[in-house]
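The values are calculated or read from the model by the stated rules, or taken from the named source; none is laboratory data. Just so it is clear, the structure is predicted and the values come from calculations on it, not from any experiment. Please note: Cβ atoms are built from the backbone with ideal geometry, for glycine as well, and neighbour counts cover all protein chains shown. SASA here: full protein model, heavy atoms, side chains in, ligands and nucleic acids out. Shrake-Rupley method; radii C 1.70, N 1.55, O 1.52, S 1.80 Å.
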Amino acid sequence: MTLTATRETGTVRPTSSPTLRFLGGVGVMLLAITVGAAIITYILGMLPPGPPPSGKDAILTGIMGYIAANVLGLAGLAWYSIRRSDWMPFLGGFTVVALELALILTLLFI
């Protein structure tokens, strides 16, 4: 009698190393921030009637799009991690957000 490995029994060996899954989360988060911020900023810029925002309004629209992209990227990675019971991609994405925040705060207070 042979023991077969199934996902239900929890004896399945992961197909990639934790480091690669972590770096996958980093890459997905960077892609989500780049593409998501551009799309969300464009949508937020087109919502109010009249001409597109300019000056300080445009900067604030970009900041709101950037924050929304971070939130949506982390939410997507959290959903993926919960479904697969693999938290390394989420930790990679969370690390990107933490490093971004540290960089922004460092640049603000220099």
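Details
- Choice from PRO49, PRO89, PRO18 with maximal GNM fluctuation in the chain (Cα, 10 Å cutoff): PRO49
- Solvent-accessible area, 1.4 Å probe, carbon plus sulfur percent, for the chain: 74 percent
- Value at 222 nm in deg cm²/dmol, rounded to 500, when DSSP H runs of n ≥ 4 in the chain each add -39,500 (n - 2.57): -25500 deg cm²/dmol
- Rounded accessible area per residue of the chain, 1.4 Å, Å²: 75 Å²
- Farthest toward the positive end of the dipole of the chain, out of SER85, ALA37, GLY24, is the Cα of SER85, where the dipole comes from beta carbon charges about the Cα centre.
- For volume of the Cα convex hull per residue in Å³, calculated from these coordinates, the label among [x] 137; [y] 157; [z] 108: [z]
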